[in-house]
Amino acid sequence: MDADLVIVGAGLFGLTVAQQAVEHSGARVRIIDVRNHIGGNAYSYMDKETGAEIHQYGAHLFHTSNRKVWEYVNRFTEFTDYTHRVYTTHKGEVFPLPINLGTINQFFRARYTPQEARDLIREQAGELAGTDPANLNDQGISLIGRPLYEAFIKNYTAKQWQTDPSQLPASIIKRLPVRFNYDNHYFKDTWEGLPKEGYTAWFERMIDDPRIEVSLGTDFFDTTQPWNRDALVGQVPLVYTGPVDRYFDYRLGELKWRTVDFKERRYDEDDHFGCPVMNFSDPDVPYTRAIEFKNFNPERHDRQNHERTVVWEEYSRFAGKGDEPYYPINTSDDRALYSEYKGLSEQEPRVVFGGRLGTYAYYDMHQVINSALDAWEKKVKPLID
Ligand code: FAD
Ligand code: NA
């Protein structure tokens, strides 16, 4: 065995643990990934025709208020001063999101002050006062009132879930923040930006050490290759960031996920939307939103093609086997099933389960890095020393 630690999955969880293992224990680390690239879902590549950096598994914006994580990621990349803003098209008009005073005044053709807008929304949200929201529709109405809910939330959510909101549980939306000023910065975090030289340069720098070796196109469950489950479990410390139900051959059942299909369009224009993310709030457009990747990196304008642009439309649906699992569905049945798998995973000898697939959780990048730094310290390091 020429490795002190084997990591399944070259996503941010696996890369962070690998980096820590070399730095703190001088371990020799083997990372395997079934895909042909590192970075997991945060992977991106440069599009030759347009000069856009395409985020292959959906738009990834880095943001955090965690100083430890911010200092950590800045060891490997600088960040641009990009700040995320999102717009939405509704009935032939473009509105700013998240719903703010600009959205409200444009929608109601008004010039409400913050207090007037607050009073209006409170009154409209009172429509169902005294009743418990029975489904997502009622929940949306009681949070922000029917007019704004129906214009901006209802049909978008229906497209995300491929289900009428009257048939969805109220619990899907706990809060619908409305801002009573004109602030349309999407994230409220202390730090935000995109990696200056792209995501892949960042990730390569994390594992730029001769003690880390990566085997791509390598499936942990393929027993014809050496780095497989049957050969390794119990023999060497392992970090597993693939799907937890897959690890146990789905013996208790399958955890449910949503996935996203991307449809690429190219236009003979420098700029198609004038912003990186355009949502579509109405049912007549079948996709939820469209990403114009060039606009994530305006600082690269000189290096981009001004005659062509590339846009990816996003279509959301339930994931079947063979689809990329993106967002955990997380019904109470799913959570109960996951807690059984968690019980099994805790009994696996010298295997640490981590990341979004290994723990059936939605994590942003900063959260998964934080959880990997923690897992290194508390779970993986003791297995190596
Ligand atoms: P992953 O990145 O999924 O890595 C797991 C790796 O394990 C994969 O590379 C996979 O190929 C590999 N693997 C699985 N099974 C096997 C096997 N059998 N053998 C070998 N390898 C295997 N976060 C943000 O902070 N900002 C955003 O804007 C943002 N947008 C997102 C948009 C979408 C559509 C999605 C899905 C996620 C988004 N995220 C965002 C979250 C971000 O992608 C995750 O936080 C991060 O990718 C999690 O890293 P991970 O290592 O846990 O998992
Ligand atoms: Na995103």
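Descriptive notes on the structure:
- Ranked order, LYS342, LYS378 - accessible area, probe 1.4 Å, largest first: LYS378, LYS342
- Excluding ligands, DNA and RNA, the accessible surface per residue across region 85-184 is 51 Å² with a 1.4 Å probe.
- Computed magnitude of the charge dipole of the chain (debye, nearest 20; Cβ of K, R +1, Cβ of D, E -1): 680 debye
- For ASP81, the solvent-accessible surface computed with a 1.4 Å probe is close to 140 Å², ligands and nucleic acids excluded.
- Cα centroid separation, region 315-339 to region 254-272 (Å): 19 Å
- For ARG67, the accessible surface of its heavy atoms amounts to roughly 140 Å² (probe 1.4 Å, protein chains only, rounded to the nearest 10).
- Gaussian network model of the chain, springs between alpha carbon atoms under 10 Å - residue of GLU93, GLU348, GLU254 with greatest fluctuation: GLU93
- In order along region 130-140, phi translates into HN-Hα couplings of x, 10, 7, x, 8, 7, 5, 4, 4, 4, x Hz, rounded to whole numbers, per the Karplus curve 6.51 cos²θ - 1.76 cosθ + 1.60 with θ = phi - 60° and x for Gly and Pro.
- Considering only PHE152, SER166, ILE121, the residue lying farthest towards the positive end of the dipole of region 119-176 is PHE152, judged by Cα position with unit charges set on Cβ.
- Links that overshoot a 22 Å alpha carbon limit, given the list LYS256/LYS379; LYS174/LYS263; LYS196/LYS294; LYS342/LYS379; LYS91/LYS294; LYS48/LYS294: LYS256/LYS379; LYS174/LYS263; LYS91/LYS294
- TRP70 accessible area, assembled protein chains, probe 1.4 Å, Å²: 40 Å²
- For region 102-208, with all protein chains in place and a probe radius of 1.4 Å, 47% of the accessible heavy-atom surface sits on carbon or sulfur.
- Among the protein heavy atoms of region 243-379, carbon and sulfur supply 46% of the accessible surface, probe 1.4 Å, non-protein parts ignored.
- For PHE79, the residues 5 or more places off, or on other chains, whose built amide H falls under 5 Å of its own are LYS196.
- Fluctuation leader among TYR186, TYR87, TYR360 - the chain, Gaussian network, Cα springs under 10 angstrom: TYR186
- Ranking VAL34, VAL244 by solvent-accessible area of protein heavy atoms (1.4 Å probe, all protein chains present), from largest to smallest, gives VAL34, VAL244.
- Heavy-atom accessible area order for ASP164, ASP138, largest first, 1.4 Å probe: ASP164, ASP138
- Value at 222 nm in deg cm²/dmol, rounded to 500, when DSSP H runs of n ≥ 4 in the chain each add -39,500 (n - 2.57): -7500 deg cm²/dmol
The values are calculated or read from the model by the stated rules, or taken from the named source; none is laboratory data. Bear in mind that the values here come from a model prediction, so they are computed numbers and not experimental data. Here Cβ is always computed from backbone atoms with ideal geometry, including for glycine, and neighbour counts include all displayed protein chains. All accessible areas refer to the heavy atoms of the entire protein, side chains included, with ligands and DNA or RNA removed. Shrake-Rupley method; radii C 1.70, N 1.55, O 1.52, S 1.80 Å.
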